[in-house]
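Here is the structure we will look at.
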Amino acid sequence: MQHLPLIINIVVALSLAFVGGWLARKAQLPSMIGYLLAGVVIGPFTPGFIGDSNLIEQLAELGVIFLMFGVGLNFSLRELWEVRAIAIPGAILQIVLIIGLSLLIGSWWNWNIVQGILMGLAIAISSTVVTLRNLMDRGLLNTSQGHAAMGWLVLEDIITVLLLVLLPIFAAKSSEPVWQTVGIALLKTIGFAAIMLVAGTRVLPFVLLRLVQSGSRELFIVALFVVTVGTAIISSEFFGVSLALGAFLAGVVISESSLSSQVEVEITPFRDIFTVLFFVSVGMLVNPLELWTLAPIVLVWTVCIIIGKYVVTFLTGLLFGWSGKTTLTLAAGRGQIGEFSFILGEAGVSLGLLQHEQYTLLLAGAILSITINPFLFRALPWAEKRVQAISALWRLLERRTNSLGLSTGASTLRDHVVLVGCGRVGEQIVRVLRTLDIPLLVVDLNIDRLLKLREKGVSILYGDAVNSEILSHAQVKDARMVIVTLPDEVHAQMVVKEVRKQSQNTPIVVRATTKDGVGHLQSLGAQHVIHPELEGGLEMVRLSLTELAYPEHDILTYTDAVRSARYEAKQEDSQEQEALKALQNYQLAATETKESGIPLAH
């Protein structure tokens, strides 16, 4: 099999990555950890099969290209703009402080200034993959905190792209002044970006649309592959910019077309496979014995990544007056490094700006911080309670909540409905209640959304409904009902619990996202718990039975019984069984009537 080295290396690398990723997920850790360890296993520093580093490195380059293409495809200036008040000052201040910390530590370890700055930049940038996974696992992705975290990551993506453009300039030994070299490189980059954003937005979507219209899915996929990799190569060979920037701009161009969703579907398998190989290639550079000898330094470096970034983010939240929940969520999300740190580290080593020992520190810090990061997210409720216990500190974090002037008409409302959260579900509720002239107060943390509602005459209250003071301002004691549409079930439970503390009688309608959450929310005092996914299935059952001409009364009796049983089909539930029995009796009667020819009365 010596004549098939490429195939053998791919199969072995992916097989070990599969095992490592599966074990990592079983341990409730990011799959990335398993991929990195797979690389260690086939690396030159461990016994057994040794992968061909040159072949896997070339495949890893494809991983970087598709990773950056995916970043460009999901790039959203709108999302960044919505959370600009948090993402821009937070990211810039954190980068400056982390670089300062890196320079301080580097001075003890005899690093030069360039190495200290580059290492600081590498650890200031968090992993998009890890952050996204943790936000999804905790149900935080669609919350205001999740949007702030994703906007921050978008800004870091931009910074990473700029760094990859500028790094070769500082590595080059040229007799020309630095400003001149930088200026020429930036002009080339701007020229390439202009061509992509002006000509590319007209050509690439047009070509892809024609391929879609031809009906050939194979040609469409081939064209996507060629566009992604080809653009990256052209950017490097003809404009002297990085492969990563070319791929990123290709993604940005296609993201503006109507085909972007389908492009993402088709390109995802390539991105996932080659990204896995990228992480495997990174793991192959890890020398376990070297890590052991560097253990004290690795420990200090990992503490800087996890504790240092956590503390810096928390202090930044105090400085700018972010809400307590947002500050703690962002602090948890910042406490790790990942794929872009590897990309910067690899670029630094290849350009001679970093030593192999420093890159090893990045790898070790990434593995340890990614392993620990999920536990920071799981500790969020505990951390929030501890900070709330220090009332002066919590008031300092929440000071903007009570000073933004976004409390229109809350104190004058009586016999009103309090709506907590106004996303897509909440918007529908607002529309109906306004049409019926029912007094309404909307509580939310999305400032832009609240301002739009205020323009329409809706009473609003800016703040985190988990906070008892906010619910007091919302006058929940005097409310006819509280409706909670928050997508984060943990926060929804906290709101229900707090409402029930302030009022024993106010009806509560709340949205659940898990089956277990239905029962938990009911136990906390919610009268009506809606699980959208299961409710959708129940509605399909209702419509199906209606089309089959079953009596509407019997159908409604059955659906109500399922809801009262918390969507669980249980044999011992008498209400549900009686409802099903009524439907069966109707079917038997209908069959007998059909045979006798006598019409059946509904």
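We did not get these values from a lab; they are worked out from the coordinates using the rules stated. Everything numeric here is computed off the predicted structure, so don't read it as measured data. Counting neighbours? That spans all protein chains shown, and the Cβs are built from the backbone with ideal geometry, glycine included.
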Notebook entry, point to check: Taking neighbour Cβ counts within 10 Å as the exposure measure, how do 129, 432 sort from fewest upward?
Noted result: 432, 129
Next item on the list: Could you tell me which GluC sites (Glu not before Pro) in the range 496-571 are loop residues by DSSP with no more than 14 other beta carbons within 10 angstrom of their beta carbon?
Entry: 568
Notebook entry, point to check: So what is the relative contact order for the range 5-386, in percent, with contacts set as C-alpha pairs under 8 Å and at least six apart?
Noted result: 30
Margin query: How charged is the neighbourhood of residue 93? Take every other residue with its Cβ under 15 Å from the Cβ of residue 93, and add Lys/Arg as +1 and Asp/Glu as -1.
Written below: +2
Next item on the list: With label points built 7 Å along Cα→Cβ from the Cα atoms of residue 218 and residue 448, find their separation and express it in nm.
Entry: 4.4
Notebook entry, point to check: Given only helices, namely DSSP H runs of n ≥ 4 each adding -39500 (n - 2.57), what is the per-residue ellipticity at 222 nm of the chain, to the nearest 500 deg cm²/dmol?
Noted result: -22500 deg cm²/dmol
Notebook entry, point to check: Which FRET efficiency value, to the nearest 0.05, do you get for residue 477 and residue 88 by plugging their Cβ-Cβ distance into 1/(1 + (r/R0)^6) with R0 = 45 Å?
Noted result: 0.70
Notebook entry, point to check: Scanning the chain for helices, which whole DSSP H stretches are 30 Å or more long along the axis (Cα) and average -1.0 or more by Kyte-Doolittle?
Noted result: 5-26, 84-108, 144-171, 217-239, 260-283, 356-378
Notebook entry, point to check: Of the cross-linked pairs 325/477; 385/497; 456/477, which ones have a Cα-Cα span greater than 22 Å in the structure shown?
Noted result: 325/477; 456/477
Next item on the list: Project the alpha carbons of the chain onto their principal axes and report the range along each, largest first, in whole Å.
Entry: 95, 66, 50
